[in-house]
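The values are calculated or read from the model by the stated rules, or taken from the named source; none is laboratory data. Please read all numbers here as calculations on a predicted model, not as lab measurements. Positions of Cβ are generated from backbone atoms using ideal geometry, with glycine treated the same way; all protein chains shown enter the neighbour counts. We work out accessible area using only protein heavy atoms, side chains counted, and drop any ligands, DNA or RNA first. Shrake-Rupley method; radii C 1.70, N 1.55, O 1.52, S 1.80 Å.
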Amino acid sequence: MGYHRPAMDSRPPFRVLIGVGLVAGCALAQQVLLTRMFSAVLFYHFTFLAISLALLGTGAGGIAIYLWPRLFDRRPLEQSLARWTALFAVLLIVTPSLLVRLNYSYNNSITLKFVLNFGLACVLALLPFLCAGVAITLAIRGYTASIGRLYAFDLAGAGIGALAIVPVMWIVSAPTGMVALGALAAVAAVLFAGSYLPSRRVAAGITAGGCAVVAISATTGLNSLASPYFPNVKPAAVEWSPLNRVIGYAPTAAAAFGYLFYDRVYAPVPQYHPGQPYPDYQQLLTSSQSVGLTTPPNGHVLVIGGGGGRDIYDALSSGARRVDVIELNSAIRDVVDRSLGSFSGAPYSLPAVHTVIGDGRAILAAQSTRYDKIHIGFTDTLSGSSADAFALSENNLYTVEAFEEYYDHLAPGGMLNVTRPYHLVGDEALKVTVLTLQSLQQRGIPHPENNVVVILGHDQFGGIPGTVLSQLQPFSPAQLAQIRTLAAQRGDTIAFAPSGPYEREWVGLHQSSSLQAFCGSYRLDVCAPTDDKPFFFNMKRLTDIAKPMPAGYSYTIDPFLLLGVTVGILVLLTLLAFGLPLGLTRGRDRPPQSSLLYFAAIGLGFLTLEIALIQRFVLFLGFPTYALSVVLFSLLIFTGLGALLSSRWRSPRRALAIALGLTCGLIGLSAYLLQPLLRHLITIPFSARVVVTIALLAPVGVVLGMAMPIGLRRLSALHPAGVAWAWGINGITSVLGSALGVFVAINWGYAVTTLLALACYLVALAHVVVGRWPESDLAPVDGGGEGPGEGRRLSRLRPRLPVASGATASSTGN
């Protein structure tokens, strides 16, 4: 076939604009679904991995078109768009069936088999993004004269896709949702094909086939993920939501409990039949957990995280007249009460139980009710193979600020009852003790040790639960006597109490001169987490990165090793996608390294900031999936607006300096003011919180959006052959920036992560102010798209320029 030079001065038909929006929307929705799926089989911290894979794929598509244009121009533009979009659709339909069949388990050790399976999963997930990147790059490159309209549809489609996929996840599973995206992407291929009948027929066939696979996937086990613990047992129920994949198992004939899995976390489901006495602590196997619930007053109890219902029955059998339950995921309540209701007794719906669906802290902050007991039992744990990965994910229930909220909602004489394992991923019960003492100390209590009791118990899993009881006034002699009597009756051990006894690790805590001295010298990091650094489950210090995790814990995967393996795979894929192709280009095409510093800075800065923002809004919006979708939607829409406005300035240099100056100011303010503001507004309704999120991110997005288009126009005027290198350097730093953001947050907190982004943009600002610029002002292009705008002098270069795409998920350092 001959070479078809793109008709860059033509205007795209409206059907092409819609097609571009569909492709971008499907790519962003795929990223969100990939995050949800990795959360089900791996862990929540792989949010950054999905972002990195999207950046890798779409960026590599742009590089490939730049280096080998004739490979992509053998057919007319719209036929090429139809073919690449059809391939994108096919991969979306086929890839889920492959991803669900990989073995993601690592049996408490990082093995070569795990690394290979994980690497294969990354490659499979990368391929659809690669095709999407090629399709959108071809469209923007081919319709340069209308870049403004095309770019607007691209970013609008991407933003809508990121947000619209969330309600879809309440209807279908993540793998089935991916297949549905394939059918929708094939519709875009039909639009691109236009009057070319063969491509239209193929695309229409893919659409029909995708719809058929969606029906099969939704009604059979074609794309079902294996259960983490009972792969050969048919579950009683499987429900997907944007928050969890929830699986319910009825008990066997000889078992006292059923089981509830949400992603890789599980909880026991006790049996109860209405009309019978509620199961007590002996039947529930809640020895230490029930001690605090039994002591008066206990009339009104709040349970945060109802799980399988065990804590609800524990409160009722301990004498509570009313039990309020805050459960994050309605699917958990539905599976326990409906699918397993015939033996669970529907604990969430009992007459004395009042259940609210939502985030525990947000719901609690919005009400003025005060409780005799606030109970948090094993929330977000009891997970075997995923327990270590919680070291890489935030948990906003276990921070100093969270405990302040709990204490604010205790009635006079009320008690906070928190249970964690004694030894699992680390000294969890000990860390809760330190957290409790720190929180009480910050409330002005001079001797918080008089307000805390720690009880070590036993459970059906063979582990040792540690229950930390605390209140705002010192425990009275009568209270202590009752707690000791109950503990002795139930076979528990007092590990920490006013005037003793002190057992095990709590001996060192008692003897230490201060909490800070104890934390600094202890073998693991058991210091109190905060909302700025809410990584409760990470107990390894950066200074001990070369040391193995201590022995004696149930799960001892090194969190830094797990993160390192992930980053290593990303580095390898990045080198293959960007480094190797660019390294094969001729030396004379390479611009000076100093000219690329700007693009490295905005790439690293943008993704680091994006990771920090997503994590900041997790608590505000209630869950990582919501934060990911709403933050990406906001940034995509408003960075696109900023890019469109970038061409309207008479002096691009001055415009870019002002934009970057405002960017630095906004980032600096967000480092310290965003968290208190969000905490103050957390009481408003969820829909209002979404609107507030969009409003807060709008000005940041607009000024961020000017960095890439003006920067590319500047570089193309100085070094016409260097745009691809800028694209590659920006892509590499963007991909690695997402992982770096997680690493910095774990070790130093979100404020420092935000300040790292600020430092990157300060470097970019300095490059703009003191760096070299063309002698004459840059000529704007239509709409301020991310290609160069040098009019006739650069028109011959445009067909080969890679361009930014909304499909890159807020993409390469806008």
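For region 754-774, how many residues meet the condition of being of a type in the set (Ser, Thr, Tyr) and either modelled with pLDDT under 95 or open to solvent by 20 Å² or more (accessible area, probe 1.4 Å) (or both)?
0
Being closer than 13 Å to ALA139 by Cα, open to solvent by 20 Å² or more (accessible area, probe 1.4 Å) and not in a helix (DSSP H, G or I) is the filter here; which residues of region 59-81 pass it?
PRO76
Report the residue count in region 239-253 for those that are closer than 20 Å to ILE332 by Cα, among the small types (Gly, Ala, Ser) and part of a loop (DSSP other than H, G, I, E, B).
Residues in region 239-253 being closer than 20 Å to ILE332 by Cα, among the small types (Gly, Ala, Ser) and part of a loop (DSSP other than H, G, I, E, B): 2 in total.
For SER105, only one of the following conditions fails: (1) open to solvent by less than 40 Å² (accessible area, probe 1.4 Å); (2) modelled with pLDDT under 90; (3) under 21 Å from the mean Cα position of the chain (by Cα). What is its number?
SER105 satisfies all of (1) open to solvent by less than 40 Å² (accessible area, probe 1.4 Å); (2) modelled with pLDDT under 90; (3) under 21 Å from the mean Cα position of the chain (by Cα) except (1).
May I ask you to list the residues in region 290-325 that are within 23 Å of HIS273 (Cα to Cα) and either in contact with a Gly (Cβ under 6 Å, 6 or more places away or on another chain) or among the β-branched types (Val, Ile, Thr) (or both)?
Passing the criteria: THR294, VAL301, VAL303, ASP311, ILE312, ARG321, VAL323, VAL325.
Within region 425-447, track down each residue that is touching a residue at least 40 places away in the same chain (Cβ under 8 Å), among the β-branched types (Val, Ile, Thr) and either more than 11 Å from ALA528 (Cβ to Cβ) or not in a helix (DSSP H, G or I) (or both).
VAL425
Contact list please: Cβ distance under 6 Å, first residue in region 357-369 and in contact (Cβ under 8 Å) with a residue 24 or more places away in the chain, second residue polar (S, T, N, Q) and assigned to a loop (DSSP other than H, G, I, E, B), pairs at least six apart or on different chains.
ALA365/THR683; ALA366/THR683
Can you tell me how many residues within region 318-349 are on the phi < 0 side of the Ramachandran plot, in a loop (DSSP other than H, G, I, E, B) and free of Cβ contacts under 8 Å to residues at least 40 places away in the same chain?
Result for region 318-349: 2.
Can you pull out the residues in region 215-238 that are surrounded by 15 or more Cβ atoms within 10 Å (Cβ to Cβ) and outside any loop (DSSP other than H, G, I, E, B)?
Of everything in region 215-238, those that are surrounded by 15 or more Cβ atoms within 10 Å (Cβ to Cβ) and outside any loop (DSSP other than H, G, I, E, B) turn out to be SER217, ALA218, ALA237, VAL238.
For region 681-693, give me the residue count where each residue is open to solvent by less than 40 Å² (accessible area, probe 1.4 Å) and either in a helix (DSSP H, G or I) or over 22 Å from ALA402 (Cβ atoms) (or both).
Of the residues in region 681-693, 5 are open to solvent by less than 40 Å² (accessible area, probe 1.4 Å) and either in a helix (DSSP H, G or I) or over 22 Å from ALA402 (Cβ atoms) (or both).
Hey, among LEU509, LEU486, which residue is open to solvent by less than 30 Å² (accessible area, probe 1.4 Å) and touching a Phe, Trp or Tyr at 6+ places or on another chain (Cβ under 8 Å)?
Answer to the check: LEU509.
Considering each of HIS354, HIS375 in turn, give the residue that is on the phi < 0 side of the Ramachandran plot, modelled with pLDDT of 95 or more and open to solvent by 20 Å² or more (accessible area, probe 1.4 Å).
On inspection, the qualifying residue turns out to be HIS354.
Take the conditions touching a Leu at 6+ places or on another chain (Cβ under 6 Å) and crowded, with 18+ Cβ neighbours inside 10 Å and apply them to GLY705. Does it pass?
Criteria not met by GLY705.
Residue by residue through region 577-636, note down the ones that are open to solvent by 30 Å² or more (accessible area, probe 1.4 Å) and closer than 19 Å to VAL32 by Cα.
Listed by number, the residues that qualify are GLN615, TYR626, PHE633.
Out of region 285-317, which residues are outside any helix (DSSP H, G or I), small (Gly, Ala, Ser) and within 20 Å of ARG420 (Cα to Cα)?
If the condition is that a residue be outside any helix (DSSP H, G or I), small (Gly, Ala, Ser) and within 20 Å of ARG420 (Cα to Cα), then GLY305, GLY306, GLY307, GLY308, GLY309 are the ones that fit.
With respect to LEU81, is the statement that it is closer than 22 Å to ALA577 by Cβ and free of Cβ contacts under 8 Å to residues at least 40 places away in the same chain true?
No: the conditions fail for LEU81.
ARG361 - would you say it is open to solvent by 20 Å² or more (accessible area, probe 1.4 Å) and part of a helix (DSSP H, G or I)?
no
Yes or no, residue by residue, for (1) surrounded by fewer than 22 Cβ atoms within 10 Å (Cβ to Cβ); (2) modelled with pLDDT of 80 or more; (3) under 23 Å from the mean Cα position of the chain (by Cα):
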| site | (1), (2), (3) |
| --- | --- |
| TYR3 | yes, no, no |
| VAL20 | no, yes, no |
| ALA27 | no, yes, yes |
| MET37 | no, yes, yes |
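Assuming VAL172 fulfils every condition listed in (1) of a type outside the set (S, T, N, Q); (2) under 19 Å from GLY62 (Cβ atoms); (3) touching a strand residue (DSSP E or B) at 6+ places or on another chain (Cβ under 9 Å) apart from one, which condition is it?
Tallying (1) of a type outside the set (S, T, N, Q); (2) under 19 Å from GLY62 (Cβ atoms); (3) touching a strand residue (DSSP E or B) at 6+ places or on another chain (Cβ under 9 Å), VAL172 fails exactly one: (2).
Go through LEU697, LEU645, LEU678, LEU674 for me and flag whichever is of a type outside the set (S, T, N, Q) and either more than 29 Å from THR399 (Cβ to Cβ) or open to solvent by 40 Å² or more (accessible area, probe 1.4 Å) (or both).
Of the residues listed, the single one that is of a type outside the set (S, T, N, Q) and either more than 29 Å from THR399 (Cβ to Cβ) or open to solvent by 40 Å² or more (accessible area, probe 1.4 Å) (or both) is LEU645.
If ALA152 satisfies every condition in (1) in a helix (DSSP H, G or I); (2) closer than 25 Å to GLY248 by Cα but one, which is the exception?
Here ALA152 clears every test but (2).
Looking at SER195, SER173 in this structure, which one is open to solvent by 10 Å² or more (accessible area, probe 1.4 Å) and either touching a residue at least 12 places away in the same chain (Cβ under 8 Å) or among the aromatic types (Phe, Trp, Tyr) (or both)?
After applying the criteria, what remains is SER173.
Checking THR295 against (1) out of contact with any Ser or Thr (no Cβ under 7 Å at 6 or more places or on another chain); (2) closer than 29 Å to PRO235 by Cα; (3) polar (S, T, N, Q), which test does it fail?
(2)
Here's a check for you: in region 648-662, which residue that is part of a helix (DSSP H, G or I) and in contact (Cβ under 8 Å) with a residue 60 or more places away in the chain is surrounded by the most Cβ atoms within 10 Å (Cβ to Cβ)?
LEU660
Of all residues in region 710-724, which are within 12 Å of PHE599 (Cβ to Cβ) and either modelled with pLDDT under 75 or of a type in the set (Asp, Glu) (or both)?
Of everything in region 710-724, those that are within 12 Å of PHE599 (Cβ to Cβ) and either modelled with pLDDT under 75 or of a type in the set (Asp, Glu) (or both) turn out to be GLY722, VAL723, ALA724.
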